[in-house]
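Report on one structure; see the data block that follows.
The values are calculated or read from the model by the stated rules, or taken from the named source; none is laboratory data. On a predicted model such as this, the values are computed, not experimentally measured, just so you know. Cβ placement follows ideal geometry from the backbone for every residue including glycine, while neighbour counts extend to all protein chains displayed.
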Amino acid sequence: MFTHSLLNSPASFTPRPELIEVIFRAISEQIDITQTGTVNVAFLSDEEIQELNKTHRGIDKTTDVLSFHYFEDFTGLEDSEIAGEIIMSEAKILSQAEEYENTSEAEFAKLLIHSTLHLLGYDHEDDEEYKEMHTEEQKIEKILLEKMGVRIQ
């Protein structure tokens, strides 16, 4: 199971540390992963995320979340070793929460689940991949509702 390091906090809400832990545990149990290591979670401005998106993906626009993994195989990493980073846009979390009628915490959770699955190799480039990833997201969202009372629309 991954551990996490919250590198900074958004100004408009504070993610509960136990929420992140429940998400990582649910993913670990649901997908039966053996990956270990630390995942850094950080919040950046839309401008900073746009620059990262342009540099690393060749897409010159902002996005809600970016995932960067540093190893193809995370097994055997020490908890202190950085397995990857998840970079989130606070502004996008807030606007998407309003758009999808989620709380900011629920939208944060939705993006954390999605981006962690990307770290583990899931993608949604075609219909089959999308269906597989979306199915896993829904299973984890159900666990999150049961354990933390966080409902994701």
**OP:** Determine, yes or no, whether Glu85 is in contact (Cβ under 8 Å) with a residue 24 or more places away in the chain, among the acidic types (Asp, Glu) and more than 20 Å from Ser12 (Cβ to Cβ).
**Re:** yes
Original post:
Which residues, taken from the stretch 90-133, are of a type in the set (A, V, I, L, M, F, W, C) and either over 10 Å from the mean Cα position of the chain (by Cα) or not in a helix (DSSP H, G or I) (or both)?
Top reply: Ala91, Ile93, Leu94, Ala97, Ala106, Leu120, Met133
**OP:** Go over the candidates Gly76, Gly84, Gly121, Gly37 one by one and state the one that is of a type outside the set (A, V, I, L, M, F, W, C), closer than 18 Å to Pro17 by Cβ and at pLDDT below 95.
**Re:** Gly37
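Matching residues to (1) under 15 Å from the mean Cα position of the chain (by Cα); (2) touching a residue at least 60 places away in the same chain (Cβ under 8 Å); (3) surrounded by 13 or more Cβ atoms within 10 Å (Cβ to Cβ):
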| position | (1), (2), (3) |
| --- | --- |
| Phe2 | yes, yes, yes |
| Ala11 | no, yes, no |
| Thr14 | no, no, no |
| Leu19 | yes, yes, yes |
| Val22 | yes, yes, yes |
| Ala26 | yes, yes, yes |
| Gln30 | no, yes, yes |
| Thr34 | no, no, no |
| Val39 | yes, yes, yes |
Original post:
Out of Lys92, Lys131, Lys139, Lys147, which single residue is basic (Lys, Arg), within 17 Å of Glu18 (Cβ to Cβ) and either out of contact with any Phe, Trp or Tyr (no Cβ under 7 Å at 6 or more places or on another chain) or in contact (Cβ under 8 Å) with a residue 12 or more places away in the chain (or both)?
Top reply: Lys147
Original post:
Can you tell me which of Ile113, Ile140, Ile86, Ile93 is touching a His at 6+ places or on another chain (Cβ under 9 Å) and surrounded by 20 or more Cβ atoms within 10 Å (Cβ to Cβ)?
Top reply: Ile86
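Residues checked against (1) touching a strand residue (DSSP E or B) at 6+ places or on another chain (Cβ under 9 Å); (2) acidic (Asp, Glu):
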position: Ser67; (1), (2): yes, no
position: Glu72; (1), (2): no, yes
position: Asn102; (1), (2): no, no
position: Ala109; (1), (2): no, no
position: Asp126; (1), (2): no, yes
position: His134; (1), (2): no, no
position: Ile143; (1), (2): no, no
position: Gly149; (1), (2): no, no
**OP:** Considering only the stretch 10-29, state which residues are farther than 17 Å from Gly149 by Cβ and either among the aliphatic types (A, V, I, L, M) or at pLDDT 90 or above (or both).
**Re:** Pro10, Ala11, Ser12, Phe24, Ile27
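State whether one or more residues within the stretch 57-74 are assigned to a helix (DSSP H, G or I) and surrounded by 15 or more Cβ atoms within 10 Å (Cβ to Cβ).
No: the stretch 57-74 contains no residue that is assigned to a helix (DSSP H, G or I) and surrounded by 15 or more Cβ atoms within 10 Å (Cβ to Cβ).
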